[in-house]
Amino acid sequence: MKVELQNITKSFDKKTNTIDNMNLTIEDGEFVALLGPSGCGKTTTMLMIAGIYKPNEGAIYFDGEKVNDLEPKDREIGMVFQSYALYPHMTVLNNIAFPLKQQKVPKKERLERAKEAAEMVQLGHLLNRKPSELSGGQQQRVALARAIVKRPKLLLLDEPMSNLDASLRIEMRAEISRLQKKLGITTILITHDQEEAMTLADRIALMKDGRIVQFDTPMNLYNEPDNVYVAKFIGTPPMNLVEGKIMYNKLQIDKQTYPMDKSRFHLEHGKEVILGMRPYDIQLGWTEEIRFLGKIELLESIGHSKIIHANVFGKRLQLFAKQDFQAEIGAEVRFSVQPAAIHLFDKKTGKSLRKAAPYGDEMFVKDAALQ
Amino acid sequence: MKTVINKWKLPAVMLGPFLILIFLFFFVPVILTGILAFTNMDSAMNWEFNRLLNFEKLFSDPDISLILRNTLLYVLFTLCINVFFGLTLALLTTYFMKKEQFSLLFRTIWMLPRMTPPVIYALLWIWFFDPSEYGLLNGIRSLFGLPPVNIIGTEPMLIIILANGVIGASFGMIIFSSAIKSIPEDLFYAANIDGAPHWSIIKDIIMPAIRWPFMFVTLWQLLSLLTSYEYILLITNGGPLNESEVLALYSYHKAFQSFEFGYGAAISLVLVVIALVCTLILWKLFKVKDMIGPSRID
Ligand SMILES: Nc1ncnc2c1ncn2[C@@H]1O[C@H](COP(=O)(O)OP(=O)(O)OP(=O)(O)O)[C@@H](O)[C@H]1O
Ligand SMILES: [Mg+2]
């Protein structure tokens, strides 16, 4: 089912907009992640799509049909809540069968389908337990089974893996991905875990303060962030950001100048900019064109490699080194980066200066990333 | 041995006074009632044990079957009104009416009779149903050219059940409201998405969640209805001709109007036994329910 949000605004207190003029189009069968920090309005957005909250302004379309006034039960959706919201006094089987019971599915078929859904999430052996007798992961799987049992056209998942430990989370992730592919249901997943969003979603809508900052494929978010907020949010460790100024096609940072690729960026003489470099793109040694000399402040071992925290121009940058890299704290370190691997942002608006980037409309991100 | 004493010293000192108070005010009256019930104490205050004479008198009392019937009707119907009306009010103010200001106002209004002195509340009912044309109901009826009626005279049981039912509902309402409000909102959302209509939400989500408060309110109201009679005393005084007399009120009448203290105590003792049996029955019901399935919100 194709889902469209047009100019959606939602306010709880009539003073501030929790969701501010949001536009979002999700194609049929697509898996979309809503990603953003806590309190940015992800759950609110989802509850509006579910029909629990009514938007103050704007319209929601399912397959081109306006559904603003459609009751939740008539929207053909399944939802997993942040809190699971299992019915506490019903057994697992009855929980899963509950939506079918409401649809007046005959008892025999109802129980068969509920069992089938339970098998799908590997819960077949726990059918007669109460939710309070299940682990967090099992409860989440019950919630998932309950959401898919009525074969919804839209699956809404509100942080379905937030309370799982790391290994169970990876297991559940695979399970959700497999189910979504198998059933082909249009799915919206809320998460504040970027790794989860990157691995599962076809496209990610990155949110901030009730707005969508960028809606794109995981790779594009990573490789071509539209603004400095996205650049900072996506990728661990986060992108290194350094302030500088454009001087005749070149970037000046602290009296050093660096050549910039004019074919990639809008370079306006005198403009204050932010240079972005992903830690993975930085090479040790002066092998590439854009070269830095820094002092090692900290050396972290993360198993397969090491992270060097180097001080350059009074800023701390991060880069990777081999596992066996050895150096004294305070020692000098040379590193460099390809011109093709850097990002440039307008310091005032936060917008990417990339030529292909959507340009023009007022951005609100500002120097949010530079505190 | 010494450590045991030390361990109990502080609790004993702290709890001692309360235990004495509990003994004085809770147990002594029960024991006294028990003793008095087997005496012929009267207004002269001299007494002798008369074995089971009081009970023989009670069971051969010509009014006793009417009084027992009244008690049963009164307790049963008032209890139903108390509990189900209280539940309805709680559902109205928490589930159907989501605006907190409105529901608070609404609940406060229902609490008002509880805050007014019983005499005033009873007076209102008497005034409303007064048989003369100055009664509110008859005043309204005369506007439509209808003759005055004496409902307190003809349907005394109805009036005392209504009066007690309405005032007692606020207790259940408050307890049920807070229990309903403690149900996580997400459960209602989930039920909405699953397509559950209102009655199913009430049956499948609200009722299981408030089962314990429900049992508690039922038991509590049952016991207070068995033993309380102040509104009946004030509105009908058991009349006309014992038609709205209940056991608790009868005990009062015998003790403080006929000054047959011994007989009154015997009636009270029967009441205590009835209350105990009812409690035990309900208690058994609770336990059975408990085994069928624990209700938990988590
Ligand atoms: N029912 C409500 N009434 C009033 N304010 C609300 C309500 N629901 C959400 N809000 C507010 O709206 C904002 C967004 O909330 P929302 O639950 O959508 O955040 P979220 O992105 O899901 O966060 P999280 O990751 O912590 O779940 C918050 O500031 C919250 O306080
Ligand atoms: Mg949320």
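Between chains B and A, what is the buried accessible area summed over both chains (1.4 Å probe, protein heavy atoms, nearest 100 Å²)?
Using a 1.4 Å probe, the pair buries roughly 1900 Å².
Between their Cα atoms, which of A:Lys232/A:Lys355; A:Lys73/A:Lys108; A:Lys153/A:Lys351; A:Lys153/B:Lys98 are more than 26 Å away from each other?
A:Lys153/A:Lys351; A:Lys153/B:Lys98, as the Cα separations exceed 26 Å there.
Per residue, how many Å² of accessible area does chain B show with a 1.4 Å probe? Provide the component values of the computation, followed by the final result.
Values: 17120 Å² over 298 residues.
For chain B, the solvent-accessible area averages 57 Å² per residue.
In vacuum, with every alpha carbon of segment A:218-343 counted as one equal point scatterer, what does the Debye formula give for log10 I(q)/I(0) at q = 0.10, 0.11, 0.17, 0.20 Å⁻¹? Two decimals, please.
-0.31, -0.38, -0.90, -1.21
At a threshold of 8 angstrom on Cα-Cα distance, excluding pairs fewer than six apart, so keeping six or more, what relative contact order does segment A:3-222 reach in percent? Could you put the intermediate results ahead of the total?
Details: 418 pairs, mean separation 64.3, N = 220.
Worked out over segment A:3-222, it gives 29 percent.
How high is the relative contact order of chain A? Use alpha-carbon pairs under 8 Å, at least six apart in sequence, and give a whole percent. Walk me through the numbers before you get to the answer.
Numbers: 771 pairs, mean separation 54.2, N = 371.
Computed value for chain A: 15 percent relative contact order.
Can you compute 3J(HN,Hα) from phi for each residue in segment B:205-221, using the Karplus curve 6.51 cos²θ - 1.76 cosθ + 1.60 with θ = phi - 60°, rounded to whole Hz and x for Gly and Pro?
Each residue's phi maps through the Karplus curve to give 10, 6, 4, x, 6, 10, 5, 5, x, 4, 5, 4, 4, 4, 5, 4, 5 Hz.
Using label points projected 7 Å from each Cα along Cα→Cβ, tell me how many nm separate A:Glu27 and A:Lys322, to one decimal.
4.3
Which pairs in the list A:Lys262/A:Lys348; B:Lys99/B:Lys203; A:Lys66/A:Lys115; A:Lys107/A:Lys130 are over 26 Å apart, alpha-carbon to alpha-carbon? Intermediate values should be presented prior to the final figure.
On the way: A:Lys262/A:Lys348 20 Å; B:Lys99/B:Lys203 23 Å; A:Lys66/A:Lys115 34 Å; A:Lys107/A:Lys130 20 Å.
Violating the 26 Å limit, Cα to Cα: A:Lys66/A:Lys115.
Label points 7 Å out from Cα along the Cβ direction at B:Asn6 and B:Cys278: separation in nm?
Result for the modelled spin labels: 5.0 nm.
Over chain B, with a Gaussian network built from C-alpha contacts below 10 Å, which listed residue (B:Met45, B:Met157, B:Met215) shows the highest mean-square fluctuation?
Per the Cα network of chain B with a 10 Å cutoff, B:Met45 tops the list.
What's the center-to-center distance, using Cα atoms, between segment B:195-246 and segment A:171-247 in Å?
57
Quote the Stokes-Einstein diffusion coefficient, in whole µm² s⁻¹, for chain B, based on the Kirkwood radius over alpha carbon pairs, a temperature of 37 °C and a viscosity of 0.692 mPa s. Don't skip to the answer; put the middle values down first.
Numbers: Rh = 22.7 Å.
Answer, rounded: 145 µm²/s.
Tell me, what % of the accessible area of the protein assembly as shown is carbon and sulfur with a 1.4 angstrom probe? Mind dumping the intermediate values first?
On the way: 20590 of 33950 Å².
The nonpolar share, carbon plus sulfur, comes to 61 percent.
Let me check I have the definition right: for chain A, take the eigenvalues of the Cα gyration tensor, multiply each by 5, take square roots. What are those semi-axes in whole Å, largest first? Walk me through the numbers on the way to the answer.
Numbers: eigenvalues 415, 129, 46 Å².
Listed largest to smallest, the semi-axes of chain A are 46, 25, 15 Å.
Would you be so kind as to list the residues of segment B:174-210 that have their accessible area lowered by at least 50 Å² in the full protein complex compared with their chain by itself (1.4 Å probe)?
Residues of segment B:174-210 that lose at least 50 Å² of accessible area once the other chains are added: B:Asp186, B:Leu187, B:Tyr189, B:Ile193, B:Asp194, B:Asp204.
Between A:Thr9 and A:Asn311, with labels modelled 7 Å along Cα→Cβ, what's the label distance in nm to one decimal, could you check?
Output for this residue pair reads 4.9 nm.
With every protein chain kept in place and ligands, DNA and RNA left out, what is the accessible area per residue of chain A? Probe 1.4 Å, answer in Å². Present the calculation step by step, with values, prior to reporting the outcome.
Working: 16840 Å² over 371 residues.
About 45 Å² of surface per residue is accessible.
Using +1 at the Cβ of each Lys and Arg and -1 at the Cβ of each Asp and Glu in the protein assembly as shown, identify which of A:Val142, B:Gly168, B:Leu89 lies farthest towards the dipole's positive end.
Comparing the listed Cα positions along the dipole, A:Val142 ranks first.
How high is the relative contact order of segment A:67-179, in percent, with contacts defined as C-alpha pairs under 8 Å that are six or more residues apart?
Details: 145 pairs, mean separation 44.7, N = 113.
Contact order relative to length: 40 percent.
Can you give the FRET efficiency to the nearest 0.05 for A:Ser167 and B:Lys99, using r as the Cβ-Cβ distance and R₀ = 60 Å? Intermediate results must be reported in sequence, preceding the final value.
Details: r = 46 Å, r/R0 = 0.76.
With a Förster radius of 60 Å, E is 0.85.
In whole Å and largest first, what semi-axes does the C-alpha gyration tensor of segment A:1-90 yield when each eigenvalue is scaled by 5 and square-rooted? Don't skip to the end; give the middle numbers.
Values: eigenvalues 80, 65, 39 Å².
Here the semi-axes work out to 20, 18, 14 Å.
Give the residue from A:Phe265, A:Ile329, A:Ala340 lying farthest towards the positive end of the charge dipole for segment A:238-346; charges sit on Cβ (+1 for Lys and Arg, -1 for Asp and Glu) and the dipole is referred to the Cα centre.
A:Phe265
Take the alpha carbon gyration tensor of segment B:1-124, find the square roots of its eigenvalues, order them as a ≥ b ≥ c, and report rounded if a/c is under 1.5; if not, report prolate when a/b exceeds b/c, else oblate. Write down the numbers at each step before the final one.
Details: a/c = 2.69, a/b = 1.19, b/c = 2.25.
Because a/c hits 1.5 or more and a/b fails to exceed b/c, segment B:1-124 counts as oblate.
Applying a 10 Å radius around every beta-carbon, put A:41-47, A:280-286, A:17-23, A:322-328 in order of their mean neighbour count, most first.
Values: A:41-47: 22.7, A:280-286: 15.9, A:17-23: 19.0, A:322-328: 10.4.
Per-residue Cβ counts within 10 Å, averaged per peptide and sorted highest first, yield A:41-47, A:17-23, A:280-286, A:322-328.
Report the convex hull volume per residue for the protein assembly as shown, counting only C-alpha atoms, in Å³. All intermediate terms of the calculation are to be shown ahead of the outcome.
Details: hull volume 195.3 nm³, N = 669.
Residue-normalised Cα hull volume stands at 292 Å³.
How crowded by other chains is A:77-90, given as the mean number of beta carbons from other chains within 10 Å of each beta carbon?
Values: counts 1, 2, 6, 1, 7, 1, 7, 5, 10, 4, 9, 11, 11, 4.
Per residue, the number of nearby Cβ atoms from other chains is 6 on average.
Short version: ³J(HN,Hα) in whole Hz for each residue of segment A:10-15, in order, from phi by Karplus 6.51 cos²θ - 1.76 cosθ + 1.60 (θ = phi - 60°), x for Gly and Pro, what are they?
For segment A:10-15, the Karplus curve yields 9, 9, 8, 10, 6, 9 Hz.
Could you tell me how far the Cα centroid of segment A:268-283 sits from the Cα centroid of segment B:261-280, in Å?
Comparing the Cα centres of segment B:261-280 and segment A:268-283, I get a distance of 90 Å.
Return the calculated 222 nm mean residue ellipticity for the protein assembly as shown, to the nearest 500 deg cm²/dmol, obtained by summing -39500 (n - 2.57) across DSSP H runs with n ≥ 4 and dividing by the residue count.
Working: 24 runs with 289 residues, N = 669.
Mean residue ellipticity at 222 nm (helix-derived): -13500 deg cm²/dmol.
Quick one: grab the alpha carbon gyration tensor of segment A:161-268, order the square roots of its eigenvalues as a ≥ b ≥ c, and give me rounded if a/c is under 1.5, else prolate or oblate depending on whether a/b is larger than b/c. Each step should come with its number before you reach the end.
Details: a/c = 3.12, a/b = 2.48, b/c = 1.26.
Prolate, because a/c is 1.5 or more and a/b exceeds b/c.
Using a/c under 1.5 as the rounded threshold, could you call segment A:212-255 rounded, prolate or oblate? The axes a ≥ b ≥ c are square roots of the C-alpha gyration tensor eigenvalues, and prolate needs a/b larger than b/c, oblate otherwise.
Working: a/c = 2.97, a/b = 2.09, b/c = 1.43.
Verdict is prolate for segment A:212-255.
Can you compute 3J(HN,Hα) from phi for each residue in segment A:311-318, using the Karplus curve 6.51 cos²θ - 1.76 cosθ + 1.60 with θ = phi - 60°, rounded to whole Hz and x for Gly and Pro?
Taking θ as phi minus 60°, the curve returns 9, 10, 6, x, 9, 9, 10, 10 Hz for segment A:311-318.
Once R0 is set to 22 Å, what does the formula 1/(1 + (r/R0)^6) return for the Cβ-Cβ distance between A:Glu109 and B:Ser200, expressed as a FRET efficiency to the nearest 0.05?
Working: r = 19 Å, r/R0 = 0.87.
Between A:Glu109 and B:Ser200 the formula returns 0.70.
Mind checking which lysines have their C-alpha under 17 Å from B:Lys57, skipping anything on the same chain fewer than 8 residues away?
B:Lys254
The values are calculated or read from the model by the stated rules, or taken from the named source; none is laboratory data. Keep in mind the model is a prediction, meaning the values are calculated, not measured. Neighbour counts are summed over all protein chains in view; Cβ atoms, including those assigned to glycine, are modelled from backbone coordinates with ideal geometry. Each accessible area value is taken on the protein alone, full model and side chains, heavy atoms only, with ligands, DNA and RNA left out. Shrake-Rupley method; radii C 1.70, N 1.55, O 1.52, S 1.80 Å.
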